[in-house]
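Below is one structure; the comments refer to it alone.
Laboratory data are not the source of any read-out in this text; all were calculated from the coordinates shown. Remember, predicted model here, so these are calculated numbers, not experimental data. Methodologically, a virtual Cβ is constructed for each residue, glycine included, from the backbone with ideal geometry; neighbour enumeration extends over all protein chains shown.
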Amino acid sequence: MGQIIETDVVVIGGGMTGAGVLRDLALRGIKAILVEQQDLGHGTSTRNHGLLHSGARYAVRDEEAAIESYRENLILKKTVPGSIEQTGGFFVKVPEDDDSYIQKWLSACAKVGIPVEEIPVTLALQQEPFLNKDAQVVYRVPDGAVDCFTMVVDVVADAVNHGAKALTYHEVVDVITEQNRVTGVRVRDGFTGEEKVILAELVVNASGPWGAKIAELAGIPLRMINNKGMLAIFNHRINKQVINRLRMPGDADIFVPAHNVTIFGTTGINVEDPNDFSLHRQELEGMLAEGKKLIPSINELRLIRAFSGSRPLYQESTVSDASGRNVTRGIALLDHLKRDGLDGLVTITGGKLTTFRYMAERTVDLVGEKLGIKAACTTDQERVPHRKAEEFFKDVDMAPAARHKLSHWAGTKAAEIELSLKEKAANFVVCECEQVTWAEIESVIPAEGRFHLGDIRRRTRLGMGPCQGTFCNHRAAALAVEKGKATSDEAERSLHHAVFERKKGMDVVATGETAKQMQLMDTIYRVSLGFREGDYQHV
Amino acid sequence: MYDVVVIGQGLSGMLSAIWAKEHGYRTALVATGSGKIMQSTGVLDLIPGADGGLKEWSELYQLAAIEQSQLTGAMEQFKILTKRLGYPYKGDIEHLVPIVMGSGHIKETALYPETISPIKEHGQVVIVGFDEVIDFQPAYIKGNLQKARPQLSIATIEISLGKQSQRTMTQLDAARLLDKKENLDYCIKQIKQQMTVREISQPDLFIFPASLGVENWKYTLEQFTKELGAIVTEAPGMPPNTTAIRLHERLKKEAVKLGVRFYVDTTVVGCKMDRAGIESLTIKTSNHTTDISGKQFILATGGILGGGLEVTSDGVKETALELDADENGNIIHCPENLYPVGASRGFSVTHNGITGGVYSVLSSHEMVDKLHQQAIIGGIRSA
Ligand SMILES: Cc1cc2nc3c(=O)[nH]c(=O)nc-3n(C[C@H](O)[C@H](O)[C@H](O)COP(=O)(O)OP(=O)(O)OC[C@H]3O[C@@H](n4cnc5c(N)ncnc54)[C@H](O)[C@@H]3O)c2cc1C
């Protein structure tokens, strides 16, 4: 048997929920290790809409969710400012929408305390020129936009900074139980295949859509509904603020701005397999037809890719509902000692990205109770370091756009990146769409190596622009070999994986320019660079 | 009134125009972009991005007997033409050769310019990179090449392009610098120095990015070969590849010299039809729209990548003349006097986005020939 590690708490899942739990544990001084089967945010936490809910969407149907959302919305704007853009949001009624909903919605928002302000339609149209000219009523709410890539990375980094540990590419393959007690987990290192045992007083299952699988490893039944939603990305940002339909929540009725693009969605279909990220053209067509009601020119806009993720919805009973929308999105915190007679295991699931902090707070309250630790939660006050780094990069010789990006992005890594920009020939731009320099790429490659373009993309936005990595993925991989950051095998495997992943997301939206871009990617990799379909094991 | 109007200036369009003109037709060429040749590697493949010889190729492309019978002739014509242009191609469609790419991977190709030499199984090679050329990284190339050629002994050298260079440059930028003797000499000096200091033994082959000069490639190649005492090859990779640019520039110059009328930065926005077919094209430049009439029209606007075909949510469209196409990109009800060449012939002749150089050459050659037959029958020959 391999290495044995001991700790107090093991957190399974490097999504937003697990990240929040890890940070809360660390801030309360509880020793903890987070294990994630792939990279941070592999699951739903980077496969969502990125809307920082104001609660307005849920006000009519789920008051509790609305209350939690609004409260957390205010807290997160304060505590994770580097990952949130305070865009504000519109709720727009178009002629198709039911008139009677407005009153219900207004009074529900008032009851919860969500500030709602009516905006003259003409003014709204000035601010959002893509909006339907036939809009009848527009209200403004305090919605925001979350960068879920940076948020999950930053929250974990801050936890690590406070003494926690995080192991990515470590999949839990077994939950170790002794009689009626969970004593730890067995994990497998995805890069080396090596297995390790982590012993702990308590295990927190924060594995989102994979929750039932982890429960199964512990020998207990857990019923999850994985409700898959599709999202599509436009090649530029068409709206300043979030745009919602003012109606009972349905499909394809939200447009969320994200940096330079807009994300549009979504749908809801129940799936069995948490690894089901499939995308269907028909589903997209349906979305576009519906989205047209808010944004009439939607079919003329260019989509660069689509993706999907599953909402992990906990269901105590077995009544099934195909749309998944009528199952509560409420938070489920399960004490398996009370529920199943199994000690040492807690499951936290359901909820939303917006409520991750609160979910973590409740979880760690329970953990503390079980471990007899009294420390209080401080995550509603303690800030995660901001991403701004405007005092840096002023006298570095580099492209102005790349400097601009870094000064809003580098955060706690600013000093390190600045030094490397000055010292080595690392100031050139590798990814032109997102202005990523080699210095920045280097700063996110882990010390132990493990070169992975996907990990780099999630941390730097490399390859996220309109060309979807056609040029920069190869460049980054070649440079990594050149600079001793990757072996040529690692570079090759990672490139194949990256190109394959990007194409999957492009294929379903591949008309017009995107169809062209996809062919260019094929031509360059297959013809110009001579890549062949290899049987590369994707980590 | 032209005898032949070619739409598109990729390899297929350019060759069609040149050959049509050589047949004595009054020829015009209309083009918006610069053609996908700018993104190509400048070598002529059979099946792009895949292995396979003549047999597999003709099956895959469903070549008709008539096309096959013209193959040798077309390749000969292409070689004669490129020789005349001062940028000769060599190679043989029956015996593909392995060449190394800017990634270190090896691909098989049919025809290639003189700046390229095939890669062997054994021996010593040195890969030379320029600090400034970000898309050609010697150590990375070495890794991939070593896997494909385990018996090669490979060394790498990094040099700088000198004072006139910028932080990051493309292969083409570097090539323009190497057109100048002082830069060339400076590079040779650095290579020799490193060879001595690092005691690198004399190789059989030096591998460079596709940067060995644009205008003066012959002199650059000769100097490197002579001074370094070994065969020198370019390894094309991430566009722009000078191997392709040289061909493009020379073809264009030749077409102009022959008297092909060029309508550049001009978009075909439609056409007027009569019962016999297309009467004239409606063309648009930045500030005005006019018609140009012709007897025969060659459509060389490319496939999806070239922009000649577009995937829309309700099917495939031909973009220049707005003709309907089926789901395989074949034009439905093609006017009688319109001749699609290269990737304009639909998806069955494109692989990994392009048709491959050999097919482009063949289809242009065959089309001009067919058009010639038609012209004789129809009695519209102008000469
Ligand atoms: C389409 C869609 C749109 C959404 N939009 C929004 C929105 O706009 N705003 C909002 O607030 N919320 C939104 N949500 C909800 C929100 O994204 C989720 O509630 C949240 O991300 C769930 O986070 P999580 O950490 O619980 O799960 P996940 O992010 O899925 O994390 C679970 C992690 O566990 C890991 N894991 C699984 N099995 C193992 C194992 N055996 N070993 C180790 N690790 C394992 C997984 O790899 C994964 O990374 C949306 C959801 C969907 C599906």
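GNM remark for chain B: springs join alpha carbons under 10 Å apart, and the peak mean-square fluctuation among B:191, B:127, B:207 falls on B:191. Under Stokes-Einstein, with the Kirkwood radius over Cα pairs as Rh, the value for chain B at 20 °C and 1.002 mPa s is 98 µm²/s. Listed by chain and number, the lysines placed with their C-alpha closer than 16 angstrom to that of residue B:226 are B:181, B:189, B:192, B:218; residues fewer than eight positions away on the same chain are left out. Sorting the segments A:457-470, B:83-96, A:42-55 by their residues' average number of neighbouring beta-carbon atoms within 10 angstrom, most packed first, yields A:42-55, A:457-470, B:83-96. Using a Förster radius of 22 Å, what is the FRET efficiency between residue B:80 and residue B:222 based on their Cβ-Cβ separation? Nearest 0.05, please. Efficiency for this residue pair is about 0.45. Count Lys and Arg as plus one, Asp and Glu as minus one, and take only other residues whose Cβ is under 14 Å from that of residue B:119; the net charge is then +1. Bridge orientation summary for chain A: considering DSSP beta bridges with both residues in this region, about 70 percent are antiparallel. Summing charges over all other residues whose Cβ lies under 12 Å from the Cβ of residue B:160, with Lys and Arg as +1 and Asp and Glu as -1, gives 0.
Between amide H atoms placed 1.01 Å from N, distances below 5 Å from residue A:408 occur with A:389, all of them 5 or more places distant or on a separate chain. Note on the range B:305-364: Cα Rg divided by 2.2 N^0.38 Å, N the number of residues, gives 1.07. Counting, for every residue in A:474-484, the Cβ atoms of other protein chains within 10 Å of its Cβ and taking the mean gives 6.
Put +1 on the Cβ of each Lys and Arg and -1 on the Cβ of each Asp and Glu in the range A:253-387; which of A:350, A:259, A:330 then has its Cα farthest toward the positive end of the dipole? With unit charges placed on the Cβ atoms, the residue in question is A:259. Near residue A:485, which lysines are there with a Cα under 24 Å away, not counting those fewer than 8 places off in the same chain? Qualifying lysines at Cα under 24 Å: A:165, A:405, A:413, A:422, A:424, B:142, B:147. With each label modelled as a point 7 angstrom along the Cα→C-beta vector, the residue A:74-residue A:513 pair spans 4.2 nm. Candidate cross-link partners of residue A:93 among the aspartates and glutamates, defined by an alpha-carbon separation under 18 Å and a same-chain spacing of 8 or more, comprise A:117, A:118, A:128, A:134, A:143, A:251, A:253, A:290.
DSSP beta bridges in the protein assembly as shown, what fraction antiparallel, as a percent rounded to 5?
Values: 85 of 139 bridges.
Rounded to the nearest five, the antiparallel share is 60 percent.
Across peptide B:311-324, the mean count of Cβ atoms from other chains lying within 10 Å of each residue's own Cβ comes to 2.
Computed over the alpha-carbon atoms, the protein assembly as shown gives an Rg to Rh ratio of 1.02, Rh here being the Kirkwood radius from the mean inverse distance. Our note on the geometry: Cα centres of the range A:277-314 and the range A:104-150, 21 Å apart. When you count the other C-beta atoms within 10 angstrom of each residue and take the mean per peptide, A:442-448, B:294-300, B:275-281 line up highest first as B:294-300, B:275-281, A:442-448.
About the Cα centre of chain B, how large is the charge dipole given +1 on each Lys and Arg Cβ and -1 on each Asp and Glu Cβ? Please answer in debye to the nearest 20.
Dipole about the Cα centre, nearest 20: 1080 debye.
Bridge orientation summary for chain B: considering DSSP beta bridges with both residues in this region, about 45 percent are antiparallel. Look at the Cα gyration tensor of the range A:105-165: its axes a ≥ b ≥ c give a/c of at least 1.5 with a/b at or below b/c, and that counts as oblate.
Rounded to two decimals, what is the ratio between the C-alpha radius of gyration of the range A:389-535 and 2.2 N^0.38 Å?
In units of the globular-protein estimate, the range A:389-535 measures up at 1.07.
Placing a pseudo-label 7 Å from each Cα along the Cα-to-Cβ vector at residue A:404 and residue A:487 gives an inter-label distance of 4.2 nm. About the centre of its Cα atoms, the range A:389-535 shows a dipole size close to 240 debye [charges on the beta carbon of Lys, Arg (+1) and Asp, Glu (-1) only; nearest 20 debye]. Mean residue ellipticity at 222 nm, helices only, the protein assembly as shown: -10000 deg cm²/dmol; runs of at least 4 DSSP H residues each add -39,500 (n - 2.57), and the sum is divided by the number of residues.
Taking every pair of alpha-carbon atoms in chain A, give the share separated by more than 45 Å as a whole percent.
Cα-Cα pairs of chain A separated by over 45 Å account for 12 percent.
Modelled spin-label separation between residue A:388 and residue B:193, with each label point placed 7 Å from Cα along the Cα-to-Cβ direction: 4.7 nm. Charge dipole of the protein assembly as shown (Cα centre as origin; +1 on each Lys and Arg Cβ, -1 on each Asp and Glu Cβ, all else neutral): 1600 debye, rounded to the nearest 20. Inter-chain neighbour count for B:144-156: the average number of beta-carbon atoms from partner chains within 10 Å of each residue's beta-carbon is 1.
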